[in-house]
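Trainee: Handing you a structure now.
Derivation of every value follows stated rules applied to the coordinates shown; laboratory data play no part. Remember, it's a predicted structure, so these values are computed and weren't measured experimentally. Here the Cβ is made from the backbone with ideal geometry for all residues, glycine too, and neighbour counts use every protein chain on show.
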């Protein structure tokens, strides 16, 4: 971690030195400060209090621009009046520089890479961990280089190379080999009243050898991904998103790794002319992993719905309901938000089973289990 922070500041100093030689340089400092409290309505009463500070330095001069920010956060957990745990983090959040031309750009460093058409359950959540339940939509980034080329007909081509990202991302069970490059690309083009896109990615999975517990004896497996997504506006918004991962298991010597992982999503949204407009979004998501494509193995089905209603210019109401057929699990969320120029206030209520719902990047504590409320205040400066 110390080496990553050192690299962050060395890159930042070099950029500032370069910009000092340019009269058209624009340097801005902004960020956000967030505090929250979560309580699950049980006895004894569990409570989490937390705060986050994301200071951000932005630079813009000619064809170059950059962003450097930190994620400084901490949380305290209580059971009733009894102190349980305290957690704190100080880490780079975004550190990237971009060089761009009229119809192309190249961005290098710690950055967010996300794409796809799904809104709640995202098969193409390959490089981020954004949670639809998080009103701030924060997520860790990845280290790499991303290039984009934009055609005159609104088609675009992406190409990326990642390195130094050993932690699992998105739905990954195992992280990538830290110093083996992860390579991929995406091509998106117009199609009728919408667009369609094809994505691919190749990486080396690092699977710990739990028998010997010696890092040098970990398994390195080849994983290939392909994704297809599209969206259209035909009065009703329609989309689909799919991802298929195939892992070379080296003659099936590793039973904890599935050969095939496939995810499928179809969705629609529409705003009904009731009052100020009721927005409705519905998605169906199917996750499967096993030794064969689509069949056998482990399967999870999810049906999600999201409702939004603007009470006024400042206030919004929203609700989400997720249903898991089979075990018949129902997850419910309702939230109110008020937004001023710099301030945002959120009140969220949830009524869920204690069984965790893995729809985002893994987190240490499932704060939305059971029944409870969350209050959050965010200040942008």
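Trainee: Return a whole-number percent for the relative contact order of the range 101-380, with Cα pairs under 8 Å and 6 or more residues apart as the contact set.
Mentor: Details: 674 pairs, mean separation 30.8, N = 280.
Across the range 101-380, relative contact order equals 11 percent.
Trainee: Could you work out the relative contact order of the range 57-104, using alpha carbon pairs under 8 angstrom and six or more residues apart, expressed as a whole percent?
Mentor: Working: 73 pairs, mean separation 19.3, N = 48.
It rounds to 40 percent for the range 57-104.
Trainee: Run the helix sum for the chain: -39,500 (n - 2.57) per DSSP H stretch of 4+ residues, divided by residue count, reported at 222 nm to the nearest 500 deg cm²/dmol. Walk me through the intermediate numbers first.
Mentor: Values: 1 runs with 18 residues, N = 381.
Taken over the chain, the calculation gives -1500 deg cm²/dmol.
Trainee: Most mobile of 224, 312, 243 per a Gaussian network model of the chain (Cα springs, under 10 Å)?
Mentor: 312
Trainee: Treating only the Cα positions of the range 116-228 as identical point scatterers, give the base-10 log of I(q)/I(0) from the Debye formula at each q in 0.15 Å⁻¹.
Mentor: -0.77
Trainee: Give the value in nm², to one decimal: projected area of the alpha carbon convex hull of the chain, averaged over all directions. Write out the running numbers ahead of the final one.
Mentor: Working: hull surface 89.0 nm².
The number I arrive at for the chain is 22.2 nm².
Trainee: Going highest first, how would you order 119-125, 138-144 by mean Cβ packing within 10 Å?
Mentor: Details: 119-125: 23.9, 138-144: 20.6.
My ranking of the peptides, most packed first, is 119-125, 138-144.
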